[in-house]
Amino acid sequence: MGYDYTGDTHDELVDAYRADDSPFPTDDSREYPRRDFLRDEPLLLKQLLFPLCWNGTDLLDDPAETRNRLNRLGTCIQKGITAYSDRGADDLTAIVDGTLDRLPTIRDTLKRDVEAAYKGDPAAKSYCEIIRSYPGFHAILIHRIAHVLYEAEHFQYARELAEYAKSETGIDIHPGAEIGDYFFVDHGTGVVIGETATVGDWVRIYQNVTLGALHFEEEEGEEHMLAKDYKRHPDIGDHVVIGAGSNILGPVEIGDHVSIGANSWVTDDVPDNTSVFISDHPDQERKSNR
């Protein structure tokens, strides 16, 4: 028996669709090329969150169809969390309800992420381009729902969703990471954000950046066992730019309005209003190939 959603998110989402204005897509006559996925949740999420970009125009004025799509997504989530739980599916309905109830708020947050991408990338031509094509936006869309499930302590299913996003985008965001508003990963390939990392508002990250651990503690009395559930990753402030190839490692604090140049290696706190960069690059030599 499938999941049957009983809340009022379908009405809220339809109201939210109607409230959108430019530069978010408002033309419901467009039909985009089909893209298939290996699992059902991503496309359902995308259609529920940004229907005009994902051929979900049937949702725009139809709360009943929106509710039907929520039921399909809820069934996926219920199946996913049940697989890892000792509790029965019916006993987990409240968790699914609570997750779906968050979708209007998640949608508002993601719209701010789209704005950050558009403002932060000179190559961006439209909001719809970002929503459909930017790997950084795809990764944060999946992360925002995975983080809700992680907070509800459904860690394994949340990690499944995160790993799906990584396989699609090359961006590895652990579902436990706390990420603020207006977040943008540009290009994105090779980005890693660890479980206990926190990221503030208006943070822009480029490819091959790691917000990782510097070293690991061993579990006392357990041979070859690393300790769990302790702070290992950085805290990034507001209005921070992290250049390509940089590594910020350990439970360090990066202040507000900080710029970290490409290929930097940061293992100490960085105060507010600071730029970090490599002052002496290796010398290069050239010779003719003729």
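Filter the stretch 5-47 for residues that are modelled with pLDDT under 90 and of a type in the set (A, V, I, L, M, F, W, C) and give the result.
Phe37, Leu38, listed by residue number.
Within the stretch 139-164, can you find the residues that are farther than 21 Å from Asp86 by Cα, touching a residue at least 40 places away in the same chain (Cβ under 8 Å) and not aromatic (Phe, Trp, Tyr)?
Hits for the stretch 139-164 are Ala139, Ile140, Leu141, Ile142, Ile145.
May I ask you to say which residue of Ile81, Ile130 is more than 19 Å from the chain's Cα centre (by Cα), of a type outside the set (Asp, Glu) and in the same structural domain as Asp40 (by TED's automatic domain parsing)?
Being more than 19 Å from the chain's Cα centre (by Cα), of a type outside the set (Asp, Glu) and in the same structural domain as Asp40 (by TED's automatic domain parsing) holds for just one of Ile81, Ile130, which is Ile81.
Please find, among Asp101, Asp186, the residue that is closer than 26 Å to Asn55 by Cβ and at pLDDT 95 or above.
Asp101
May I ask you to list pairs of residues, at least six apart or on different chains, whose Cβ atoms are under 9 Å apart, with the first in the stretch 113-126 being in the same structural domain as Val199 (by TED's automatic domain parsing) and free of Cβ contacts under 8 Å to residues at least 40 places away in the same chain and the second being hydroxyl-bearing (Ser, Thr, Tyr) and surrounded by fewer than 17 Cβ atoms within 10 Å (Cβ to Cβ)?
Hits for this filter: zero, empty list.
Tyr206: touching a residue at least 24 places away in the same chain (Cβ under 8 Å), hydroxyl-bearing (Ser, Thr, Tyr), assigned by TED's automatic domain parsing to the domain that holds Ile254 and over 26 Å from Tyr84 (Cβ atoms), yes or no?
On the way: touching a residue at least 24 places away in the same chain (Cβ under 8 Å): yes; hydroxyl-bearing (Ser, Thr, Tyr): yes; assigned by TED's automatic domain parsing to the domain that holds Ile254: yes; over 26 Å from Tyr84 (Cβ atoms): yes.
Yes: the conditions hold for Tyr206.
Residues Asp108, Asp91, Asp86: which one is charged (D, E, K, R) and modelled with pLDDT of 95 or more?
Asp108
On the basis of being surrounded by 13 or more Cβ atoms within 10 Å (Cβ to Cβ) and either under 25 Å from Ala116 (Cα atoms) or of a type in the set (A, V, I, L, M, F, W, C) (or both), does Leu211 make the cut?
Judged against the criteria, Leu211 is a match.
Do you know which of the residues in the stretch 257-288 that are among the small types (Gly, Ala, Ser) and assigned to a loop (DSSP other than H, G, I, E, B) is surrounded by the most Cβ atoms within 10 Å (Cβ to Cβ)?
Here is the first cut: in the stretch 257-288, the residues among the small types (Gly, Ala, Ser) are 259, 261-262, 264, 275, 279, 288.
In the following step, the residues that additionally are assigned to a loop (DSSP other than H, G, I, E, B) were identified as 261-262, 264, 279, 288.
Details: Gly261: 16, Ala262: 15, Ser264: 19, Ser279: 5, Ser288: 4.
Across the stretch 257-288, the extreme among qualifying residues is Ser264.
The values are calculated or read from the model by the stated rules, or taken from the named source; none is laboratory data. Bear in mind the structure is a predicted one, so any value in this text is a computation, not a measurement. For neighbour counting, all protein chains shown are included, and Cβ atoms are generated from backbone atoms with ideal geometry for every residue, glycine included.
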